[in-house]
Structures are given as structure tokens and as C-alpha cells.
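What follows draws every value from the coordinates through simple rules; no lab data is involved. Keep in mind it's a predicted model, so treat the numbers as computed, not measured. We place every Cβ from the backbone using ideal geometry, glycine too, and count neighbours over all the protein chains shown.
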């Protein structure tokens, strides 16, 4: 101290600036930017190829969920009774077998029936006859045929009001697309049968329970179809004045015309080609990229909505859970002692309740009041902060006794400042990676609850992946596509998320730095 | 002495947690409107009488004490009201447990040796293609939810090839420990085993890989042990310290069964019972199964925690 005093009165002139004249710094100046913790982490993350790919897959699946509901013709409430359990069909990739066709084994009657559908407009629902076998005992043939499941819907009867009838006629006249076809002779007996409108030819057996065998066959056993339409002497019976079949020229004598509509009490009954009628009503042809389920819902659109629900729930859960878990864990870890003991008991209790019990109780109490999405959200809010809190707590116990914290405290830093500015940033890496891995957990649990029926998504415009799974379960043997597509989506999403999370964890773990090189 | 004190403290804490959880569940269930009893001949009178005896029309606090009294004195949870109408809840539960235990036991007996074996193999071949192959598979089986591969198993083993029946055999026709029963449960058993194998494999690989690079293993090799001796006598024994509690935890989980697997493969176990009780809103069953599952969870955690100290004397319990 005394020594220092001596220099008190050195005159200013004795001082001079070092190297003021040319301002050259002899140290090397860094031309690169400094690399901080996060930048270093990102750099190491990018080295991990599988995690990067996983990140792109997640992005892709997320975009699927985001975009498809806007683009698709279909939504969850769209149901079509005639295209139930339709197989996947995607025209650009039809050559890969993605063509909406399935194999069937049929007897003669079934073969005639499927072959007949589409003959009237120059096509057939049977795309290929793969195999013909003759039954040894009866001598009857059995066909293995490749049937277009979309075309096989064929014709249906519809009852239209006067107004709808006129509108349909107008549509036909305008577009020159034939929707209405002549009504068969047997329509009164076959009207109630599911396939009634498709039995337009002369049948071998004309009883109401007919299965579709044609009356005439050529030498190869192939059916010869002779139309058995209802006829009328008036050309415009039931005021039908629109497109007609080419061969409908009033028979030979110009006196018996085909009947296209029958008047009944409420309006008109017609026989329409369903795919054109569908076009007329909806503005697009039926094509379900992932097929449909037993309610006739489009799986492609339903999956996108289900995925949206999953993403929405998991992301919003994380958003709420992180701040809460952080604060809870920070308070536990920082203050310790009695506060820690008390708060630990609370989290012990919540941790002790099985997740499924929490879910069931929430469902019983809240489902009717706040709906399935909020209920599911709440279930995970109740449970998922525990992990973060525990993680933060251990980090706090680790860091709070260290010298730099003591130094900060000595300088007069408040508790708040110590917690948020000094200790928390140190544990940020582990917290981030921990929370990334919460997302796939929430998604799979959400799907599981919906699948098990613990939280029921029975509203009209929202569906969960789990609901799709439980619907598809009973058709696993016959229509595996209903289950396959959602299951694949979930599997891909879960794998990608876990890979991504693991990559992130390794990147954020400073102790692994340089370990792999 | 210190250990004993710690164990007793943990057990008391566990009991306290358990009672609090049960109280919360009980109150939450009692807050729900009481479901109507479906008309079932004379059963309806039986159930109404039982409800009266259990104080269903009295305040919740009275019901609560009656519930504990009945439970502790007679082991009585009441009667099934919506399912197994008029039958004793406890009896039905005890009937169902063997199914779950059998499936779980088989799956663990398959999974534990396989998981550890694959884990050891992967650790020994670390960073070679065998390790990458196993690790990739493990990653897939850990990430993919069990119901997805249960469907795959069901599709291929039950529908495509038709090797296995769709549902488990009934206990009336086939004894529990028999080949026929095992065969009927096989798809469920392996679906359940997959995740256990994957989990154990990953854990074993990580532990063993860490131990293999440690100094004392180098010392063991230096003093003349063969690689095999060093691994079996030194590395494995140390790696087992965290693995054994994990296996122990699996064994305690046996009782609970797996909800999903039991539903998919229609195994009439306790998990399926729990799901039905939730679906049909049978609160007596629901409460009883809540207690059962919570107890398994808490006891499992406790035993796993304590077992570290017993397996490895170096870990001192009750010290901070």
C-alpha cells in the first residue's frame, strides 16, 4: 500500500502511449467467428448422419400432417357407404400394384357378376383372370380374378326428388357424361338386394336371392350378356329427355324405348353409374390413396388429421411442461431441505399413480366437459413435468455448491439471478434433450389411449391414430391396409424421433466431445 | 443398522404415498355419479344390499372408512356391478392373475437371456458391423410402440401362416404349464419379449462397453488372465450391478401384465380386466385394480432402488 503511494505524483509527461503511432497489433487476429456451446452442439449434431436424416423424416411427416387436410378432397366426416373397405388406389403408381384391385376366387355366378359390371359402358370390373380351376367333384369352374374394387361398385338405385332429377338431367346434357342407365326388368324384385342395380342382364335364375349367373354362356364358359332392360312405348317415359345408350333406338320398330327413370311417390327412382354420380355430387372421382375403413372414411385424410392431433398434443404439452418442470425442479434443487422434502413427496405421489389410472380418471371426469383433445393434453400435463423437474433438481444439486455460484452470491446476486442466470444455463443441454424425448413418448401414449378406448375420440371432425388402429384391428386378416398405413406412420415417426433425440443428446453432452473422432 | 433404518424409512414413506394415492383415487371415483345397476334378476337386490352395506348412500368420508374397514378386515372390494355382476371382485381378480403371470413369465424367460446375450455380443464387437446391426434393431424395437409390432406378429404368425391360434387357450381345457398353453400364448409372448430384449440389450451393451475400457480390466489382462476370464470374472460382474435391478423390476412387473398385448391377443388376464372395467365403468373393479397396479408400481420401484445396495456392497444406502 505504501509502495503504491509513491507513484501518486508522477507527472503526466512521463507517461507515453505504447505504439500509438502506427496502431499495429502484433497478436494474430482471429478471422473466424467464435464457436459457442450451441454452435458446437449443432456442428456435432450435423456429423451424426442418421440423426440428420431422422430430422428430415420428422419434417416430412409433420408436413404431411400439416398440408394434407388442406389438399385432400376428403375429411374425417366424409363417409361413403358404397366405397367401404376400399383398397388403396393411387393412379400415378398403379403399375406398382397400387391400383385399388384385389384378388378374388369366385364360382361361375360370381365371375359372371363381376365381369358384367362395366360392360354397359365398355369396361369390366374384372381386370384379369388369373387362374381357372375345375372342382373335381362337381365339375364346376372356379375363377381367380383380379377385380377393381372401385369399379365393382357399379350401379346403384337412387331416389331423387323432382328438383334433383332435373338437375341431374341438366348435368348430363351439359357435360355429355352419362350418369343414368336403363332400369332392368327385374328391378322390383332385386331393388332391396345390395347388388340389385348391377343385375341388368338375363339371369339364369331370376329369384330375388339371385347371385348373378348369366343365362347364356359361350363354349369357353364365358358369359354372354343379353340386356334385360325395362321398356316403354313412350320415348320420354317419366319425362326423361337426356343422354341415352347408343343401342337405345326404340327396339326394331321404334316403339319400345328403355326406361331410365320410374316415377314413385316422392319423386323418381333411377339407376345410376355410381362413380359418375359420385363425380356429379362431389366434383371428383373416388380415389383413396390409402384406401378406406369400414365407415368409408378416407384413411389418407384421417391419418393426417390423427397425426395433427398427435403433434398438437405433444408440442403443446412440451410447451407447458418445460417452464413448470424447470421452476419446480429449480426450487427443489436450489432451496433443498424441507422445501425439497415436501415438493418431492408431491411428485412422488403423482409419480406413483400409474399413467393409465390418471388417463382413466381424467376421461371419466372431463371427457364430456372439455372434449378428447384437451383431456389427453391434461393427462400428459399432469404427468410429464415430473421427469424434467427431477432432471433439473439433480443438476441444481450438482452445481449449486460450486465456487462460481458462491462467488456470484458473494457479489450479492439474488436467488432469482443465481437460479436463472448462473445455474440453469449449465443444465440446459440435458433439459433440451430430455424434452425432445418427451414428444415421442406423448405421441405413442396418446395413440395407445385412443387405441385402448381409454380416451374416446368419438367426435365427427377429429380422429386419433389410435382410433384408426382399433378400427383396423378387426379387419387385420381381410383388409390389412386399414391397419398397415397408420401403423407404419407411427413406427416411422417414433423411430425418427428417437434417433433425432439420441443424436441431440449426444451432441449436447459435453463429455462426449471428441469421443467419436 | 443404518441400512435397516433406511429400508424401514423407505417402506414407511411408500406406505404413506400409497395411502394418499388411494385416497385421491377413492374420492375422485366417488365424485362420479353412481352408475345404475342393470336389471339382472335377483342380482340387482344383492347389489343394492351390498351398496347399502358399503355405505354408498352415505357421505364420502363415511364410505372411505367403511372401504378401508372392509378391505383390511375381510379383503372385500365389493361386488361387480357392470361386469361379472354379483361376483366378488377379489375372487375374479385372483382368477385372472395367473394368465398375466404365465404370459409374462414366458416372455421374461425368453427375453432376459437373449437380451443379455445380444448386449454382451454387441459390446464385444463394439463399432463393428455386428454391433451396428444389433444396435439398429434395438433402436427400432425400442422406438416402435409395442402395439405396432404386436400387429405385425399377429398378421404374420396368426393370419398369413396360420401357425398359431388367435386367442389364448382356456384354462378349463388346458393346464397353465403345458405345451399347448405355451403355443397358444406364443405370439403374445414374443410380442412382449421384443421390447424387453431390446431394452436389456441396449443397457447391457452400454454398461459392458464402459466397463471394458476401464483400467482394472487392463490390469486383469496384464496380470495374465485370458480375455474370456477377464470378461466373465471382472467385466461382467461389474456390468451386472445396474442390470440385475432392471431384471428384478421386470419380474415384479409380471403381475400386472401388459394392457396392450393382452387386448390384442385376447388374453383374459388382469390387464384386460382393467380395460374392461374402465370401458364399462365398473367402479368397484376399477378401484380394486387401481390399488393393485399402484401397489405393484410402488413396490417395484422400492425393491429396484434397494436392490442396488444389496447387490453391490460398495453402494451405501441412505447416504447422500
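Taking 8 Å as the Cα distance limit and 6 or more residues as the minimum spacing, I'd like the relative contact order of segment B:46-97 as a percentage.
Here the relative contact order equals 26 percent.
Report the label-to-label distance for residue A:96 and residue B:305 in nanometres (one decimal), using points 7 Å from each Cα along the Cα→Cβ vector.
Result: 5.2 nm between the two label points.
Name the residues of segment A:120-158 whose amide N is less than 17 Å from a point 7 angstrom out from the Cα of residue A:216 along the C-beta direction?
A:120
Once the Cβ-Cβ distance between residue B:4 and residue A:344 is put in as r, and R0 is 30 Å, what FRET efficiency do you end up with, to the nearest 0.05?
Plugging the Cβ-Cβ distance into 1/(1 + (r/R0)^6) gives 0.85.
Rounded to the nearest Å, what's the spacing between the alpha carbon centres of segment B:1-79 and segment A:261-302? Just the number, please.
55
Once the Cα atoms of helix A:37-47 and of chain A are each reduced to a long axis, what angle between those two axes, in degrees from 0 to 90 to the nearest 10, is obtained?
That works out to roughly 40 degrees.
Going by alpha carbons, how many degrees (0 to 90, nearest 10) lie between the helix axis of B:89-124 and the longest principal axis of chain B?
Roughly 10 degrees between the two axes.
Calculate the mean, over all residues of peptide A:358-370, of how many other protein chain Cβ atoms lie within 10 angstrom of the residue's Cβ. It would help to have the intermediate numbers written out before the result.
On the way: counts 1, 1, 12, 9, 1, 1, 9, 4, 0, 0, 0, 0, 0.
Per residue, the number of nearby Cβ atoms from other chains is 3 on average.
If I take every Cα pair under 8 Å that is 6 or more residues apart in chain A, average their sequence separation and divide by the length, what percent do I get for the relative contact order?
18
At a Förster radius of 41 Å, what calculated FRET efficiency corresponds to the Cβ-Cβ distance of residue A:75 and residue B:24, to the nearest 0.05?
With a Förster radius of 41 Å, E is 0.55.
Count, for each residue of B:289-297, the Cβ atoms from other chains sitting within 10 Å of its Cβ, then give me the mean as a whole number.
Per residue, the number of nearby Cβ atoms from other chains is 3 on average.
Can you give the extra length, in nm with one decimal, that the chain gains between residue A:459 and residue A:49 once fully stretched, where that is 0.36 nm per residue apart less the Cα-Cα distance? Please list the in-between numbers first.
On the way: separation 410, 0.36 × 410 = 147.60 nm, distance 4.14 nm.
Taking residue A:459 through residue A:49 to full extension adds about 143.5 nm, to one decimal.
At 0.36 nm per residue, minus the direct Cα-Cα distance, what do residue B:58 and residue B:136 gain on full extension? Give it in nm, one decimal, please.
22.2 nm
How high is the FRET efficiency between residue B:156 and residue B:90 when r is their beta carbon distance and R₀ equals 56 Å, given to the nearest 0.05?
So the FRET efficiency works out to roughly 0.90.
Between residue B:121 and residue A:123, what is the label-to-label distance in nm when each label sits 7 Å out along the Cα-to-Cβ direction?
5.3
Which whole-number percent is the relative contact order of segment A:331-483 (Cα, under 8 Å, 6+ apart)?
Numbers: 112 pairs, mean separation 32.4, N = 153.
Taking the mean separation of contacting Cα pairs over the length of segment A:331-483, I get 21 percent.
To the nearest 10 degrees, how steeply does helix A:481-508 sit against the main Cα axis of chain A, on a 0 to 90 scale?
10
Just report the Cα centroid separation between segment B:104-136 and segment A:425-489, whole Å.
Taking the Cα centre of each part, segment B:104-136 and segment A:425-489 sit 28 Å apart.
What whole number of Å gives the distance from the Cα centroid of segment B:216-270 to the Cα centroid of segment A:148-198?
With segment A:148-198 and segment B:216-270 each reduced to a Cα centre, they are spaced 67 Å.
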